[in-house]
Amino acid sequence: MPDVPMSETAALLHARPMVPQIAHVRRRRHDAPDAWTLELDMANGERFLYAPGQFNMLTAFGVGEAAISVSGDPAEGPLIHTIRAVGPVSKALSQLGVGDPIGVRGPFGVGWPMAQAEGKDVVVVAGGLGLAPLRPALYRLLRERARYGRVTLLFGARRPEDILFRQEVERWRGRLDIDVEVTVDHATDEWRGHVGVVTNLISRLDTDPSKTVAMVCGPEVMMRFVAMALIDKGLGEETIHLSMERNMKCAIGHCGHCQLGATFICRDGPVFTYARLKPLLAVKEL
Amino acid sequence: MTENLERILSEHRFFHGLDKAFLELAAGCAKNVRFEAGQFIFHEGEAADQFYLVREGRVALQVSAPGRGAATFLTIGPGEVFGVNWLLPPFRWVYDAKALEPTRAISMDARCLRGKCESDHNLGYDIMMRLMPILIERLHETRLQFLDLYKSHA
């Protein structure tokens with residue numbers, strides 16, 4: 001269960017989990033070529049409480065509903081979602097303007113293991129838009145910095161111009177309390193950073209595997225190989241956490257759209273240990 | 001001088017744990033080199049007569065295409081190696097290598113090292129066993145790059 005107190009919104013969610021709350025777009029920002037970030041104010045004036053790694057079902061009225069991870073700071077500010085426009089619903093959501101209404105149902109799911117990571121080194125591995133669900137965890141790690149050991153962010157993107165939250169990533173790179181390495185798959189001569197896949201950064205990682213927790217989010221193929229690279233580094237399968245993406249509909253473990261074997265991604269995840277996911281990831285077309 | 005190179009070689013990830021006698025043989029083919037930021041180390045088409053072990057800095061491996069400029073497909077950092085075309089015919093570079101920042105490396109004379117591997121197959125086998133995992137890993141990484149995983153699949 002999420003480690004947040006019960007708000008009025010949460011109470012309503014428990015009573016009527018399929019009914020969205022109304023929010024309005026406060027601000028929108030273009031964060032990557034096909035990704036938009038929406039800042040939302042809840043119509044009831046409440047602050048939206050959630051745990052890092054949880055997701056909401058967002059409604060584009062008249063179009064449909066889609067599962068989108070929260071990408072903001074769980075401790076302050078508005079509710080923030082970063083959306084890649086890939087289908088009709090996400091396209092409609094990404095085109096919402098300031099003041100437009102939006103439906104919010106959530107928060108749902110099990111998030112990142114923030115409590116389990118306390119006292120440990122934390123390696124955060126993000127690929128592409130996978131940085132969005134990890135950003136709340138990074139905010140928490142940096143806000144409560146003394147609770148954690150060494151914090152490392154390894155971030156892979158397609159091209160330099162596709163780097164999500166680029167200015168913020170640059171700010172993090174300038175901090176002394178987090179190690180940030182960014183790599184891109186394809187680059188022109190102007191790029192001065194790493195080129196190569198994100199697993200390549202793991203091979204250079206200097207960490208004590210016995211006291212390290214990993215949080216990984218990105219395309220599923222990338223996560224499989226990142227998990228294997230972390231295992232090669234000596235991390236245990238129980239200490240590697242992956243955030244899964246599936247076609248979520250009800251978000252409460254009833255409809256089965258997001259089912260992987262006996263596991264409901266929406267209810268039991270989206271964050272799982274590699275130990276739990278490994279047999280499922282090996283099954284093709286699940 | 002060679003003793004110092006032996007120590008540097010033994011501290012490099014590529015040669016870490018190499019038998020001392022082999023290390024002496026390898027050091028006989030090695031020299032320290034330094035490149036400035038922006039300096040090309042070699043160009044596509046030239047003879048692959050060196051093999052490089054990076055100690056400090058970063059090197060971009062690039063292929064140029066008309067109208068698209070230079071595309072970097074891999075960067076190499078401390079503890080890593082580049083220039084593996086030295087090992088087998090036709091001993092020719094198939095990409096450009098350019099220092100992105102001030103870079104220090106060990107340059108191994110390819111003809112010298114090939115000769116020593118040829119005359120001492122145990123050394124040759126050891127070096128091959130060090131190179132193969134790197135080549136396999138790079139092939140795997142190239143496959144992942146080719147899959148273009150982060151591209152939006154609308």
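The values are calculated or read from the model by the stated rules, or taken from the named source; none is laboratory data. Predicted model only: the values in this text are computed from it and were never measured. For neighbour counting, all protein chains shown are included, and Cβ atoms are generated from backbone atoms with ideal geometry for every residue, glycine included. Only protein heavy atoms, including side chains, enter the accessible area calculation; ligands, DNA and RNA are left aside. Shrake-Rupley method; radii C 1.70, N 1.55, O 1.52, S 1.80 Å.
Worth a mention:
- Excluding ligands, DNA and RNA, the accessible surface per residue across the protein assembly as shown is 45 Å² with a 1.4 Å probe.
- Within 10 Å of the Cβ of each residue in A:61-74, the mean number of Cβ atoms contributed by other protein chains is 0.
- Net lengthening on full extension, A:Leu12/A:Gln95 (0.36 nm per residue, minus Cα-Cα): 27.1 nm
- Equivalent ellipsoid semi-axes, region A:142-200, via Cα gyration tensor eigenvalues times 5, rooted, Å: 24, 12, 9
- Exercise: per-residue mean of other protein chain Cβ atoms within 10 Å, B:70-78: 6
- Translational D in µm²/s for the protein assembly as shown (Stokes-Einstein at 37 °C, 0.692 mPa s, Kirkwood Rh from C-alpha pairs): 138 µm²/s
- Percent accessible area from carbon and sulfur atoms, the protein assembly as shown, protein chains only, probe 1.4 Å: 54 percent
- By the compact-protein rule of thumb, 2.2 N^0.38 Å, the alpha-carbon radius of gyration of region B:73-142 corresponds to a ratio of 1.19.
- Among the residues of A:219-225, the average count of other protein chain beta-carbon atoms within 10 Å of the residue beta-carbon is 3.
- Accessible-area ranking of A:Val221, A:Val98, largest first, probe 1.4 Å: A:Val98, A:Val221
- Backbone geometry of region A:137-154 corresponds, through the Karplus equation with coefficients 6.51, -1.76 and 1.60 at θ = phi - 60°, to 3J(HN,Hα) couplings of 5, 5, 4, 5, 4, 6, 5, 10, 4, 5, 6, 10, x, 5, 10, 10, 10, 10 Hz, x marking Gly and Pro.
- Using only alpha carbons, region B:2-147 has a radius of gyration to Kirkwood radius ratio (Rg to Rh) of 0.97.
- For A:Leu153, the residues whose amide H sits under 5 Å from its own are A:Val124, A:Asp179, A:Val180, A:Glu181, ignoring neighbours fewer than 5 places away on the same chain, with H placed 1.01 Å from N.
- Distance between the pseudo-spin-label points of A:Asn247 and A:Arg192 (7 Å out from Cα toward the beta carbon): 4.7 nm.
- Within a Gaussian network of chain A (alpha carbon springs, distance under 10 Å), most fluctuating of A:Pro78, A:Pro270, A:Pro33: A:Pro33
- Solvent-accessible surface (1.4 angstrom probe) belonging to A:Ser210, in square angstrom, nearest 10: 100 Å²
- Amide H partners (placed H, <5 Å) of A:Cys255, local residues excluded: A:Cys250
- Hz values of 3J(HN,Hα) by residue in region B:61-66 - Karplus curve (6.51, -1.76, 1.60), Gly and Pro given as x: 9, 9, 10, 9, 10, x
- Ranking by accessible area, most exposed first, for B:Ser119, B:Ser10 with a 1.4 Å probe: B:Ser119, B:Ser10
- Label positions at B:Met129 and B:Glu36, each projected 7 Å from the Cα along the C-beta direction, are separated by 4.3 nm.
- Of the trypsin sites (Lys or Arg not before Pro) found in region B:1-81, the ones in coil according to DSSP and having at most 10 other Cβ atoms within 10 Å of their Cβ are B:Arg68.
- Calculated Rg and Dmax of region A:8-108 using C-alpha coordinates, Å: 12.3, 39
- The phi torsions of region B:84-98, fed into the Karplus equation with coefficients 6.51, -1.76 and 1.60 and a -60° offset, translate into couplings of 6, 5, 5, 7, 10, x, x, 6, 9, 5, 10, 7, 9, 10, 9 Hz, rounded to whole numbers, with Gly and Pro shown as x.
- In chain A, a dipole from Cβ-located charges (positive for Lys and Arg, negative for Asp and Glu) runs towards its positive end, and of A:Val122, A:Val271, A:Ala66 it is A:Ala66 whose Cα lies farthest in that direction.
- On the basis of the beta-carbon distance and an R0 of 51 Å, B:Leu139 and A:Glu76 show a calculated FRET efficiency of 0.65.
- Kirkwood's formula applied to the C-alpha pairs of region A:72-125 gives a hydrodynamic radius of 14.4 angstrom.
- Accessible area in the full protein assembly, largest first, 1.4 Å probe, for A:Tyr148, A:Tyr139: A:Tyr139, A:Tyr148
- Qualifying chymotrypsin sites (Phe, Trp or Tyr not before Pro) for region B:25-72 [loop in DSSP, other Cβ within 10 Å: at most 14]: none
- Most fluctuating residue given options A:Met215, A:Met244, A:Met18, as computed from a GNM of chain A linking Cα atoms under 10 Å: A:Met18
- Over all orientations, region A:200-286 has a Cα convex hull whose mean projected area works out to 5.6 square nanometres.
- Result for chain A in a Gaussian network model with C-alpha springs under 10 Å: among A:Thr199, A:Thr59, A:Thr207, the largest mean-square fluctuation is at A:Thr207.
- For A:Ile252, the solvent-accessible surface with a 1.4 Å probe is about 40 Å², rounded to the nearest 10.
- Note on region A:114-243: the C-alpha convex hull projects to 7.2 nm² when averaged across all orientations.
- Using a probe of 1.4 Å, the accessible surface attributed to B:Glu6 totals some 30 Å² when neighbouring protein chains are kept in position.
- Only the Cβ atoms of Lys and Arg (+1) and of Asp and Glu (-1) were treated as charged; on that basis the dipole of chain A about its Cα centre amounts to roughly 240 debye.
- Enclosing the Cα atoms of region B:35-106 in their convex hull gives a volume equal to 78 cubic angstrom per residue.
- Entries of A:Lys249/A:Lys278; A:Lys249/B:Lys151; A:Lys233/B:Lys31 with Cα pairs more than 26 Å apart: A:Lys233/B:Lys31
- Gain upon complete extension [A:Arg150, A:Val86; 0.36 nm per residue less C-alpha separation]: 19.5 nm
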